[in-house]
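**Q** Got a structure for you, written out below as structure tokens; questions coming shortly.
The values are calculated or read from the model by the stated rules, or taken from the named source; none is laboratory data. Computed from a predicted model, the values in this text were never measured in an experiment. Reconstructed Cβ throughout: ideal geometry from the backbone, glycine too, with neighbour counts over all protein chains shown. Note: areas computed on protein heavy atoms with side chains; ligands, DNA, RNA excluded. Shrake-Rupley method; radii C 1.70, N 1.55, O 1.52, S 1.80 Å.
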Amino acid sequence: MSQSRVILENLSPELNAGRYFIKRVVGDTLSVAIDLYGDGHDVVNGRLLYRHEKQRKWRSVAMTHRGNDRWGGAFALESPGTYEYKVEGWVDYGLNWQHEIERKIEGGQTVAVELLDGVQYLDYLQKKVAKGHKKQIKEWVALFADESRYAEATAVAVSEELHALFQAHPERRFVVEYPARKVFVDRKKAEFSTWYELFPRSASSVEGQHGSFKDVEKLLPRIAEFGFDTLYMPPIHPIGRVHRKGKNNSVTAEPGEPGSCWGVGAKEGGHTALLPELGTLKDFKRLIKKALEHDIEIAMDIAFQCAPDHPWVKAHPEWFRWRPDGSVQYAENPPKKYQDILPIYFETPDWKNLWQALTDVVLYWMEQGVRVFRIDNPHTKPYRFWEHLIAECKKKDPGVIFLSEAFTRPAVMHQLAKVGFSQSYSYYTWRNTKAELIAYLTELTQGPGRDYFRANFWPNTPDILPWALQSGQEPVFLTRLFMAGTLNSNYGLYGPVYEFMVHEAVPGKEEYWDSEKYEIRQWDWEKRNKITHVMTRMNQARKDNPALQAMHNLQFCTVENENILAWYKSDSAADNHLLMVVNIDPYYTQSGWVQTPLSAIGIAPGQEFTVHDLISGNSYLWNQEWNYVELNPFALPFHLFRIEKP
């Protein structure tokens, strides 16, 4: 049993009692809080210790009292990788002695004995302080014992100088330690990224011609012009021929139909091979290199499933679950059926070799230069497998990023984030009303998941054509784009389909008709329109304004109109303040009065300030807390105001 009299509890942030690490990005400051208290009325103290995984020695900062037994401290996260942090607490006998003697002096008591009692604390200090202070403390020891200099001694005893020395050199006896917890520090891209998705087989500008990596390379200037920093391509591996899907998910492919690229594997190879029509490994590595020259990273799709003719099916039959008739049940996600895909059997007795083979797939592509991965349906594989794979990959490169494609139950999505996924698809796709958006964004930015769950907002994907976009209304496409990119710091688009406002759906379903998942499409890559103009201006604003590069700085503003949503974001270090206002009614002009958070911005009521719209280029002069806005959905249904203080 310990003799310590201090209690440490309710540490924040902490995830599942330390079972999982929390997340931050390089440049963040981790603020830690804890309940720290002791028995009786003695003064307690504490310190926050931390170290990077590559450091042996702990560094420390003093904890400060925040009231009601709550203490806090913070440290800077300077490098990617894992940091440990813990808290120590103790009864601070030096400060306690000083506090007690101060109270007695204020009460008119004589403290000659207390002064002598304090010598032991001065003796401890003398051993710890720098050389310049040692002589001073020696003089104080003599002073405390000299009754003729009582007034001088009491003045020293309660002095700020002595208090500062006690604070700087605490005598830590009977220390209690709160167990170390971990924070994983990603590179900035984990928190701030702008994704553009295209099918490389549709990248050719020649009608009827299969696209290639070289065709994608030609599109890089266009994607960079629009302001995207991540180019995501669906699976680029050989596509199975057995049970290959045809146009519009037909169970029979006609001759020449390319099939679904998620049916991975054929005689040409599996997950470490490339579809020959796309090009060679040399071509792919060149694409990665050329993309980086445009400040774009290639995001690769990892779909751990196999076409019936994937090489693993013959080489490792134990990795699949065979039925009595000698077949494998194909993948299903009712009502969707994937006759061209065999699910991997993760409960196989050979699971260790299976795990290693799958991990080696990702490590192989990392060796080729890929640092961003979108993982297909991770919620259909064991969580502990992902925890293992991600940890192994981050050992090689702590900057590798994993996006979870998991439109599923909240607990499942959050569990995937806990085991290591850097980002996650989200419910934004189906949040449309003002109330829905406010509730969901409040949950993401203020709920318990804020320490580990990073949402990525996608208005559409190849799998999902939401009901709202099926209207084909340009204002809907504009507002969904605008909200995705300004409410959140991570967002993505299924690019050409979105910018050209494709909206023909499978009747009664949220799925694209003539889906690019099953056929090659041709796009007019030279075309520009209002959507490409807006995405270009918005993405430039995202790059120029640090306030848009974080999510948890979101604050909704009051507007007494259910069709107008307004929010404020700021970055105090850059003195960057933005106000976004959007009309979510795609049919009618809406107006209202927006409450501007002047106190947060640092503007006094009545003081004039300018709001500059970063999309339209217009500026307005305001001088009040409440300001009038009017938004025509067929002109521009939103404002992206940068607030310029006088």
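**Q** Quick check for you: with a 1.4 Å probe and neighbouring chains kept, what is the accessible area per residue of the chain, in Å²?
**A** That works out to 44 Å² for each residue.
**Q** Hey, another quick one. First compute the accessible area of segment 36-139 with a 1.4 Å probe, then give the percent of it belonging to carbon and sulfur atoms.
**A** 47 percent
**Q** Tell me whether segment 544-594 comes out rounded, prolate or oblate; compute the Cα gyration tensor, take square roots of the eigenvalues as a ≥ b ≥ c, and use a/c under 1.5 as the rounded threshold. Intermediate values should be presented prior to the final figure.
**A** Values: a/c = 2.96, a/b = 2.42, b/c = 1.22.
Judged from the Cα gyration tensor, segment 544-594 comes out prolate (a/c at least 1.5, a/b above b/c).
**Q** Follow-up question, since we're still on this one. Report the Cα centroid-to-centroid distance between segment 455-496 and segment 611-644 in angstrom, as an integer.
**A** For segment 455-496 versus segment 611-644, the Cα centre distance is 22 Å.
**Q** Between beta-carbons, use under 13 Å as the cut-off and find the net charge around LYS127, counting Lys and Arg +1, Asp and Glu -1.
**A** Residues close to LYS127 contribute a combined charge of +2.
**Q** So which of LYS188/LYS396; LYS23/LYS394; LYS182/LYS289; LYS290/LYS530; LYS245/LYS314; LYS336/LYS418 end up more than 24 Å apart by C-alpha?
**A** LYS182/LYS289; LYS290/LYS530; LYS336/LYS418
**Q** Determine the shape class of segment 309-441: with a ≥ b ≥ c the square roots of the Cα gyration tensor eigenvalues, call it rounded for a/c under 1.5, and otherwise prolate if a/b is greater than b/c, oblate otherwise.
**A** oblate
**Q** For segment 460-501, what's the radius of gyration and Dmax over Cα atoms, in angstrom?
**A** Cα-based Rg and Dmax for segment 460-501 come out at 9.9, 27 Å.
**Q** Given an 8 Å cut-off on Cα distances and at least 6 residues of separation, report the relative contact order of segment 438-500 as a percent.
**A** 39 percent
**Q** Suppose a student asked you for the relative contact order of the chain, using Cα pairs under 8 Å spaced at least 6 residues apart; what percent would you report?
**A** 10 percent
**Q** Round to the nearest 10 and report in Å² the accessible area of LEU122, as given by a 1.4 Å probe over the protein chains' heavy atoms.
**A** Approximately 0 Å² for this residue.
**Q** A further question on this structure: May I ask you to order 279-290, 42-53, 319-330 by the average number of other C-beta atoms within 10 Å around their residues, highest value first?
**A** On the way: 279-290: 16.4, 42-53: 20.1, 319-330: 11.8.
Result, highest mean first: 42-53, 279-290, 319-330.
**Q** Sequence neighbours fewer than 8 away in the same chain don't count; with that in mind, list the lysines whose C-alpha is under 24 Å from LYS138.
**A** LYS127, LYS128
**Q** Just the number, please: carbon plus sulfur as a percent of the accessible area of segment 531-642, 1.4 Å probe, no ligands or DNA/RNA counted.
**A** 46 percent
**Q** How many angstrom separate the Cα center of segment 72-95 from the Cα center of segment 541-580?
**A** 31 Å
**Q** If you don't mind, another one. What trypsin sites (Lys or Arg not before Pro) in segment 109-173 are in a loop by DSSP, with at most 13 other Cβ atoms within 10 Å of the Cβ? Mind showing how you got there, number by number?
**A** Numbers: sites: LYS127, LYS128, LYS131, LYS134, LYS135, LYS138, ARG149, ARG172, ARG173; in loops: ARG172, ARG173.
In loop regions of segment 109-173 (DSSP not H, G, I, E or B), the sparsely surrounded trypsin sites (Lys or Arg not before Pro) are ARG173.
**Q** In degrees, nearest 10, range 0 to 90: what is the angle between the Cα axis of helix 383-396 and the longest Cα principal axis of the chain?
**A** 80 degrees
**Q** Can you compute the helix-only [θ] at 222 nm over the chain? Use -39500 (n - 2.57) per DSSP H run of at least 4 residues, normalise by all residues, nearest 500 deg cm²/dmol.
**A** Numbers: 17 runs with 185 residues, N = 646.
Helix contribution divided over all residues of the chain: -8500 deg cm²/dmol.
**Q** Would you mind classifying segment 244-385 by shape? Square roots of the alpha carbon gyration tensor eigenvalues, ordered a ≥ b ≥ c; an a/c under 1.5 is rounded, otherwise it is prolate if a/b is larger than b/c and oblate if not.
**A** Numbers: a/c = 1.89, a/b = 1.32, b/c = 1.43.
In terms of gyration-tensor shape, oblate.
**Q** Okay, next question. Can you give the local net charge around ARG480? Use residues other than it whose beta-carbon is closer than 12 angstrom to its beta-carbon, Lys and Arg +1, Asp and Glu -1.
**A** 0
**Q** Taking only the alpha-carbon positions of segment 1-79 and ignoring solvent, what does the Debye formula give for the base-10 log of I(q)/I(0) at q = 0.13, 0.14, 0.26 Å⁻¹?
**A** -0.48, -0.55, -1.36
**Q** Out of every Cα pair in the chain, what percent are spaced more than 51 Å from each other?
**A** 25 percent
**Q** Right, something else. Can you give the three extents of the C-alpha atoms in segment 143-256 along their principal axes, from longest to shortest, in whole Å?
**A** Here the Cα extents, ordered largest to smallest, are 108, 35, 20 Å.
**Q** Over segment 490-601, calculate the relative contact order: mean separation of alpha carbon pairs under 8 Å at least 6 apart, over the residue count, as a percent. List each step's numbers first, then the result.
**A** Numbers: 105 pairs, mean separation 18.6, N = 112.
Taking the mean separation of contacting Cα pairs over the length of segment 490-601, I get 17 percent.
**Q** On the protein heavy atoms, probe 1.4 angstrom, tell me the percent of accessible surface of segment 188-286 carried by carbon and sulfur.
**A** Result for segment 188-286: 52 percent of the exposed heavy-atom area is carbon or sulfur.
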